[in-house]
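Comments concern the structure below.
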Amino acid sequence: MKRSILVVDDMLDMLKLLERLIKNELDVNVYTVNNGEEAVEMILKDSVSIVIADIMMPRMNGIELLQRIKEIDPSTIVIMMTAYGTIEDAVESLKLGAYDYITKPFDEERLLHILKKALDYYNLIKKSIDLENRIKEKESVEGIVGKSLPMRKLVETIRIVAKTDLTVLITGETGTGKDLVARMLHSLSNRAVKPFIPVNCPAIPENILESELFGYKKGAFTGATQDKKGLFEAAQGGTIFLDEIGDLSNPLQAKLLRVLEEKELKPLGETRMHKIDVRVVASTNQNLKEKMASFQFREDLYHRLNVVSISTPSLNEILEDIPLIANHYLSIYCSEYNTPSKRFSEDTLRMLISRRWSGNVRELQNEIRRAVIFTEGEMIRPQDFQYDSKNLPYPGDTIDTLSNLTYKEARRSLLERFNVKYISELLKECKGNVSLAAKKADLERQSLQHLMRKYGINSEEYRISANKM
């Protein structure tokens, strides 16, 4: 792709001279403007490789233009032009990030030499940035572990949507990594160098959430002793992530809708609007359509947020990925807690796959973290996991504890708990002898072995326990 050079000077003769010289000698696109404001507009619209700017210009001088260019794109190379009497300004421009300067009247050979070197340097910068971006993209995508079809589709969707500025609504059950998806959307976007501001909506008391989001002026209310910038303004140029958006009150929903529609906000106590440039990513584990039907969530806000929808799969939808996910976090936590490397037994992996994870990946992470801390040996076995009432049977289990589940889920959960508890106690009593346990249970040996495989129960562990006694 051809590189482009923009020449900025308020003298039309100088613009024509430089345009002709550069076009005749270098294979580049050359553009000219006669003031700094037009230069900024052009750089905002199109990528410019090199800017040659005169220091002495009316309204916006060359130093001010240099500072503005570096804010827009630090990789743009700026060469300053100066008359003999303003060398000090040229030296000051080098301190502010200019690549070089030339004095008027300039030597054509020297200018072309500087431009050739600048183009080589720009190409080197771009290669370095491209490499950094590829590494960053690889690292970001590796944060989502899994090879199943739902996970491959999720990653591909993130890659595509990240390059746009569209508002995104992330939906999914608790613990499925909605915050990770939001961070990936930011880190793979053109806003990656700007702030990423996460806001946990339910965690901030409703009476102060408005001032946290939009800011306030000194004296706006009792205790407002100074101006405070809100989280939207803190995210200027970047991304704001509104986690659990379904918990916003109706008045706040109305104010957020105005921000999304107008791209501006008004801090509490302020009389004028503030323009903002922020990408909004929101998430929820609730059914917003149901909340809309009961007038708990605004339909117009829903459609503003749901420009692109991304759904994170539950662990039940990606069972084949559980061994990959589990081993990924096992490696992380062994390193984090400075413990010798550990590994899962085959029975453990089967147990992890067969178990119901109501808290999804977050629950799995917590279980693995505890297992790493409390397992003494190298091998992590099923009994090294701490089960709660939702996942392992215990004598006090009642229908009341399952009232938040559907009939099918509750039946499956109770059956699962009964089988694990019954077979575990049976093998313990029979000291791991499967034939004897099958006889006591009035089951065929093969039937008992099938149940043991299904629920990740290893008879060998009960023999070891019996030998230690």
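The values are calculated or read from the model by the stated rules, or taken from the named source; none is laboratory data. A quick note: this is a predicted structure, and the numbers were derived from the prediction, not measured. Using ideal geometry, Cβ is built from the backbone for each residue, glycine included, and neighbour counts are taken over all protein chains shown.
At a glance:
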{"item": "Given (1) in the same structural domain as Leu248 (by TED's automatic domain parsing); (2) over 20 Å from the mean Cα position of the chain (by Cα), number of the condition Arg279 does not satisfy", "result": "(2)"}
{"item": "Identity of the residue in the stretch 304-357, β-branched (Val, Ile, Thr) and surrounded by fewer than 18 Cβ atoms within 10 Å (Cβ to Cβ), that ends up nearest to Asp179 (Cα to Cα)", "result": "Val308"}
{"item": "Scan of the stretch 213-254 for residues that are surrounded by fewer than 16 Cβ atoms within 10 Å (Cβ to Cβ) and either outside the structural domain of Gly177 (by TED's automatic domain parsing) or touching a helix residue (DSSP H, G or I) at 6+ places or on another chain (Cβ under 7 Å) (or both), ordered by number", "result": "Ser249"}
{"item": "Residues satisfying the stated conditions in the stretch 178-210, i.e. under 25 Å from the mean Cα position of the chain (by Cα) and of a type in the set (S, T, N, Q)", "result": "Ser187, Ser189, Asn190, Asn200"}
{"item": "Output for the stretch 231-258, where each listed residue is free of Cβ contacts under 8 Å to residues at least 40 places away in the same chain and in contact with a strand residue (DSSP E or B) (Cβ under 7 Å, 6 or more places away or on another chain)", "result": "Leu231, Ala234"}
{"item": "Count - residues of the stretch 2-25 that are surrounded by 15 or more Cβ atoms within 10 Å (Cβ to Cβ) and either closer than 23 Å to Asn123 by Cα or touching a Ser or Thr at 6+ places or on another chain (Cβ under 7 Å) (or both)", "result": "11"}
{"item": "Enumeration of residues in the stretch 288-317 that are of a type in the set (Val, Ile, Thr) and under 24 Å from Asn360 (Cβ atoms)", "result": "Val308, Ile310, Thr312"}
{"item": "Identity of the residue in the stretch 375-396, in contact with an Asp or Glu (Cβ under 7 Å, 6 or more places away or on another chain) and outside any loop (DSSP other than H, G, I, E, B), that ends up modelled with the lowest pLDDT", "result": "Gln383"}
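Every residue, every condition in (1) free of Cβ contacts under 8 Å to residues at least 60 places away in the same chain; (2) at positive phi, yes or no:
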{"site": "Ser4", "(1), (2)": "yes, no"}
{"site": "Asp13", "(1), (2)": "yes, no"}
{"site": "Asn24", "(1), (2)": "yes, no"}
{"site": "Ser49", "(1), (2)": "no, no"}
{"site": "Asp54", "(1), (2)": "yes, no"}
{"site": "Arg59", "(1), (2)": "yes, yes"}
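Residue-wise test of (1) of a type in the set (D, E, K, R); (2) within 30 Å of His328 (Cβ to Cβ); (3) at pLDDT below 90; (4) surrounded by 15 or more Cβ atoms within 10 Å (Cβ to Cβ).
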{"site": "Asp46", "(1), (2), (3), (4)": "yes, no, yes, no"}
{"site": "Val51", "(1), (2), (3), (4)": "no, no, no, yes"}
{"site": "Ile77", "(1), (2), (3), (4)": "no, no, no, yes"}
{"site": "Leu94", "(1), (2), (3), (4)": "no, no, yes, no"}
{"site": "Thr103", "(1), (2), (3), (4)": "no, no, yes, yes"}
